[in-house]
Amino acid sequence: MGKIHVLSENVANKIAAGEVVDRPASVVKELLENSLDAGATRIKIQVEAGGKKLIQIRDNGCGMVRDDALLAFERHATSKINRAEDLLGVATLGFRGEALPSIAAVSRLRLETCAPEEPSGTVVEIHGGRIQKVEEAGLPMGTSLTVRDLFFNTPARRKFLKSESTELSHIASLVTHYALAHPDKHFELHSATNAVLIASPVEGHKERIYQIFGRDVLEQLLTVAEVRPWGQISWVWQGREPRDRQGGPGIDARAHEDRAERDRGEPGGEFRVHGFVSKPETQKLNRNSIYVFVNRRLVRDRVIQHALTEAYRNILPPTVYPVVLLFLELPTGEVDVNVHPSKTEVRFRHQAVIHDLVRDAVRAVLMKALPVPQFTTEISAHPTTTPALALGRWSSTTASPGYALDRMPEVEPFTLQATVPSPVNERFEFRGGIGLAVDPMESVVPAPQGPNRRVIEDGCMPPIADEPPATSPLGSSLSSLKPLGQIRDSFILAVNHEGLWIIDQHVAHERVLFEKVLKQRATQTVHSQRLLLPLVFELTPGQQAVFAQICEELHHNGFEAEPFGARSVAVKVAPAGIETAEIELMLEELLDQLSREEQALNMEKVRTRIAASIACHAAIKVNMPLEPDKMEWLLTELAKTECPMSCPHGRPVVLRYSLKDIQKAFKRI
Ligand code: ADP
Ligand code: MG
């Protein structure tokens, strides 16, 4: 007798449940998507014990008639598609017909639903996949699903669940982001003790962000809004060769696929990418604040992720991540949503086109918004550990990589005395105890009493001839700077027609070197120096593992370093410009940073890290007197960089005290 038999439906559902629902948040996701597909405009969710004990979701959608209410729990029973061809143009969030039977297999579920077509509603109860009750009841229009004791009959899965608060935070994050994607709908999420989210319908995404996170968050975000007719995109694409995208996740290969696809004809419709991306000052330690929706479906997508990394290249350091809330809308035929059981992945028909469009749209917005930090703006250039775009939290905790100011001899905080009449008292915090504070303070000359006009009539204040021009691109502003001197041998003071500038000499030089190193690496023109004596130092096992992986890349960057004995490494040649004492520090720091990486090392990231590290260790330090011509040289070089406003670690390089602010401070305007 043969050994093979077909599994019972109950077992099959449990197996499917393993793929579709792995934690309370995935149950919420499926149910939420069902409500949205049912056309609901009000969705109210109640959870207890992080969803482990109870998840209840009520909607005012189309409801189900009695027959459907029973069919919905059959495997592959769906109202959303009919034929295989329909899979090519799925416009709903669901289509697999797997969620309800899967959830019902691993919980105690109660469905209450009422559709306008029938006079009364239907109640269905299913425990662990077995129907307990089906009855008629007078119910309001719409659907309510109550899921109790999730995974009660799959103890192994239950054991993998995290604490109640962690599970709740996953649910909260999910509901929040669906609420962000659907600003026209009413969402509520309640835990046993409090209302986690209540969002009534608002006009658009911007208003939703304001409603949920408040003004501060909105101010950290830049708006992306790009619409392109698909025909135009294909046309542009046809005239172009795929670009070199070193180290990307297989994008090159896909570019060829795309070219082949492209030749098979052009689709219609348009491509829209819109949403919000954070300014370079906002930095997150992980990707948890990146949310991408494709045709309103929340997805994790490597192509888009890579496009975002490219957009922020040289603007954000490679170790930190932005906050992104991006909506991509494209003809349904352009996306294959049937890639993963939990529908969190998609495949684009023209991946490379989408990649480039997203990258260019985001990059353009970032470049346009080149921030020149103002004296009156607080700069929090430190990556934050906030796990996600979390409700009521947008704090910044310092966690910055090594920085030359750390090594400054004890310096007391000092104050730049400026007459700023507005009530400002922000601090520019740097690690190492330096604070540059702009205080509201007394004027050196007593402030004029009474209206300004009188003073002007007094003839004390002839108008200033040149009106400050509208802000020009940072590069050209910097090239007109005249250095005046240094503050504490660390910050260069300079002026031009736009106002007074302070430049952090270390980070400015770091930016210059960083771009130079990357360029030299790309063109294989790295300059090296042979050390008088090889530099030998010990590595920890973690560092050794990383060393083995990046040894070749180090070589391309001008290092000759090889294992020396079991645990040491010997450096014989190093890039020109780094002092011997810095080489060991630099390599140790680099190996440490890379060994803390959670993901597999990507060579592009390694390359950027090496460049940032060389730049940091070869750059002019703080506490170093500079001759005027050296300062001038530095400013000229900085002006030539692609991204002069932030250092490779993301810190600001320059601060500007605009002429307008100066005039305001002197009460001239
Ligand atoms: P899918 O969403 O992939 O179709 P599900 O198992 O999630 O599969 O749901 C099965 C069917 O049940 C859906 O196709 C839909 O017709 C119906 N359904 C589920 N939830 C709701 C709801 N909240 N309101 C109305 N109909 C629903
Ligand atoms: Mg569904």
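The values are calculated or read from the model by the stated rules, or taken from the named source; none is laboratory data. Because the structure is a prediction, the values reported are computed rather than measured. Using ideal geometry, Cβ is built from the backbone for each residue, glycine included, and neighbour counts are taken over all protein chains shown. Please note that ligands, DNA and RNA were not included when accessible areas were found on the heavy atoms of the full protein model with its side chains. Shrake-Rupley method; radii C 1.70, N 1.55, O 1.52, S 1.80 Å.
Taking all protein chains together, Trp633, Trp501 sort by accessible area into Trp633, Trp501, largest first [probe 1.4 Å].
Using every pair of separate Cα atoms, the Kirkwood estimate puts the hydrodynamic radius of the range 620-669 at 13.3 angstrom. For Asn82 and Lys368, the difference between the fully extended length at 0.36 nm per residue and the C-alpha to C-alpha distance is 98.3 nm. Sparsely packed loop sites in the range 112-147 (the GluC sites (Glu not before Pro) outside DSSP H, G, I, E and B with at most 12 other Cβ atoms within 10 Å) comprise Glu117. The heavy atoms of Phe547 offer some 20 square angstrom of accessible surface to a 1.4 angstrom probe. Of Phe276, Phe564, the order by accessible heavy-atom surface (1.4 Å probe, DNA, RNA and ligands excluded), from most exposed downward, is Phe564, Phe276.
Working note: Debye formula, equal point scatterers on the alpha-carbon atoms of the range 37-76, no solvent; log10 I(q)/I(0) at q = 0.20, 0.29, 0.32, 0.34 Å⁻¹ is -0.80, -0.91, -0.93, -0.96. Once the C-beta distance of Met603 and Asp184 is scaled by a Förster radius of 45 Å, the resulting FRET efficiency is 0.55 to the nearest 0.05. Solvent-accessible area assigned to carbon and sulfur over the range 512-644 amounts to 53 percent, based on a 1.4 Å probe.
Once both labels are positioned 7 Å from their Cα atoms along Cα-to-Cβ, the gap between Arg300 and Ile487 label points is 4.5 nm.
Excluding ligands, DNA and RNA, the accessible surface per residue across the range 487-578 is 46 Å² with a 1.4 Å probe.
Label-to-label distance for Arg42 and Thr332 is 2.8 nm, based on points extended 7 Å past Cα in the beta-carbon direction. Reachable lysines from Lys660, Cα under 28 Å, same-chain residues fewer than 8 places away excluded? Lys660 reaches Lys279, Lys368, Lys482, Lys640. Using only alpha-carbon positions in the range 510-669, the gyration tensor eigenvalues give semi-axes of 36, 18, 14 Å once each is multiplied by 5 and square-rooted (largest first). Around the Cα centre of the range 173-215, unit charges on the Cβ atoms of Lys, Arg, Asp and Glu (plus for the first two, minus for the last two) sum to a dipole of about 120 debye. Semi-axes of the equivalent ellipsoid for the range 566-628, computed as √(5λ) from the eigenvalues of its C-alpha gyration tensor and ordered from largest down, come to 25, 16, 10 Å. Heavy-atom accessible area for Arg108, with the other protein chains in place and a 1.4 Å probe, reaches approximately 80 Å². A DSSP coil position with no more than 10 other Cβ atoms inside 10 Å describes the following GluC sites (Glu not before Pro) in the range 137-218: Glu203.
On full extension, the segment bounded by Lys159 and Lys621 gains 161.1 nm, given 0.36 nm per residue less the C-alpha separation.
Extension gain for the segment Thr636 to Lys3, taken as residue separation times 0.36 nm less the Cα-Cα distance, is 220.0 nm to one decimal.
Here the simple spin-label model places points 7 Å from the Cα toward Cβ, and for His497 and Ser568 these points are separated by 6.1 nm. A Förster radius of 56 Å, combined with the Cβ-Cβ distance separating Glu560 from Ser476, puts the computed FRET efficiency at roughly 0.85. Extents of the range 179-234, taken as max minus min of Cα coordinates on every principal axis and listed largest first, are 53, 23, 17 Å. What the Cβ-Cβ distance of Ile131 and Glu553 gives, at R0 = 51 Å and to the nearest 0.05, is a FRET efficiency of 0.25.
Restricting the calculation to alpha carbons of the range 82-203 gives Rg and Dmax of 17.2, 47 angstrom.
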